[in-house]
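The next block holds one structure in the form of structure tokens; read it before the comments.
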Amino acid sequence: ASSPPTPVSLDDDVKRTEQITCIPCKDNDDDNSSEEISQPNNKRMRQEIIPLTSSNSSSSSSSSKKGEDNIDYSKLSEKEKLDKMTTACRTILQCIGEDPDREGLLKTPERWAKALLFLTHGYEKSVKEVTNEAVFSEDHSEMVLVRDIDIHSLCEHHMLPFTGKVHIGYVPNGKVIGLSKLARIADVFSRRLQVQERLTRQIADALMETIQPLGVAVVVESSHFCMVMRGVQKSGSSTVTSCVRGCFQSDPKTRAEFFSIINRGN
């Protein structure tokens, strides 16, 4: 029998918390967490990550909230957060060649810190909080749709804005929700560091969980400043994402009605 494969350690300049072992793939192995890599003998191999140290889930969750200075940032007061962010912004200004002490920039670090906390205030809110029990029993079985809800978010890859509109429709199942709450649910998830695909899905799933309708459909249309101000610099481009659940997914006619309504007048 052949000897087991020899573990290969990571580079010396990388913190040694994992080791990589190459193991021959089984036939029809569709483990998405594995990555195929080339081997000289042309055998298919998969890359498996093996932790060198074990830790329980609670300690892992706790450490994820702490920075390199071992501070639990989730427990800081707003003033403490503002102080740290203001100091960080002064460093950023210096790194780009600016003088944070010149007249026009004296209050910029504090303004920037307050603005960023506002732009990401969705982290401090929950769907249950913003809906505020505004769910009512109602014998209505036709589609309810609110379109052209403004959204403003930050791309998590560059922390640049993406802005646009969201259209939300649902078919009630004995319960309806206050119309303004649809906009508030969108706000909870858009006011975070986001990717548009996840934002669309989160809005749909939150509504499904809140009122258990027969189905939900969500479409987000937005312009990403990471494509406008940098990179390919295409100012006329827009990104459209959709997510359908329940009857919108299973019934083509219901889905077609939703898309027909949101495109009406465009």
Task: Top-ranked residue of region 249-266 - restricted to ones that are of a type outside the set (S, T, N, Q), assigned to a helix (DSSP H, G or I) and free of Cβ contacts under 8 Å to residues at least 40 places away in the same chain, ranked as least open to solvent (accessible area, probe 1.4 Å) - done: Ala256
Open item on the list: Checking the structure you have, find out if any residue of region 120-127 is open to solvent by less than 60 Å² (accessible area, probe 1.4 Å), closer than 30 Å to Phe248 by Cα, hydrophobic (A, V, I, L, M, F, W, C) and not in a helix (DSSP H, G or I).
Closed with: no
- [ ] Would you confirm whether any residue within region 208-219 is of a type in the set (S, T, N, Q), surrounded by fewer than 16 Cβ atoms within 10 Å (Cβ to Cβ) and in contact (Cβ under 8 Å) with a residue 24 or more places away in the chain?
- [x] yes
Open item on the list: For region 84-123, which positions are in contact with an Asp or Glu (Cβ under 7 Å, 6 or more places away or on another chain) and among the β-branched types (Val, Ile, Thr)?
Closed with: Thr86
Task: Of all residues making up region 173-231, the number that are in contact with a helix residue (DSSP H, G or I) (Cβ under 8 Å, 6 or more places away or on another chain), closer than 21 Å to Arg255 by Cβ and among the acidic types (Asp, Glu) - done: 1
Task: Search result, residues across region 201-248 that are part of a helix (DSSP H, G or I) and at pLDDT below 95 - done: Phe225, Cys226, Met227, Val228
Open item on the list: For region 182-199, give me the residue count where each residue is more than 13 Å from Thr241 (Cβ to Cβ) and either modelled with pLDDT under 95 or among the basic types (Lys, Arg) (or both).
Closed with: 3
Open item on the list: Out of the residues in region 90-109 meeting the condition of being assigned to a loop (DSSP other than H, G, I, E, B) and not hydrophobic (A, V, I, L, M, F, W, C), tell me which one is least open to solvent (accessible area, probe 1.4 Å).
Closed with: Pro100
Task: Any hit, region 150-159, residues being touching a residue at least 24 places away in the same chain (Cβ under 8 Å), open to solvent by less than 30 Å² (accessible area, probe 1.4 Å), within 20 Å of Val130 (Cβ to Cβ) and outside any strand (DSSP E or B) - done: no
- [ ] Please determine, by comparing only the residues of region 129-149 that are free of Cβ contacts under 8 Å to residues at least 60 places away in the same chain and in a helix (DSSP H, G or I), which one is farthest from Thr163 (Cα to Cα).
- [x] Glu129
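Conditions (1) more than 21 Å from the chain's Cα centre (by Cα); (2) at pLDDT 95 or above; (3) aromatic (Phe, Trp, Tyr), marked per residue:
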site: Lys65; (1), (2), (3): no, no, no
site: Leu117; (1), (2), (3): no, yes, no
site: Val135; (1), (2), (3): yes, yes, no
site: Asp150; (1), (2), (3): no, yes, no
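The values are calculated or read from the model by the stated rules, or taken from the named source; none is laboratory data. Just so we're clear, the structure is a prediction, and the values are computed from it rather than from any experiment. Every residue, glycine among them, receives a Cβ derived from its backbone with ideal geometry; neighbour counts consider all protein chains shown. The area values use the complete protein model at the heavy-atom level, side chains included, leaving out ligands, DNA and RNA. Shrake-Rupley method; radii C 1.70, N 1.55, O 1.52, S 1.80 Å.
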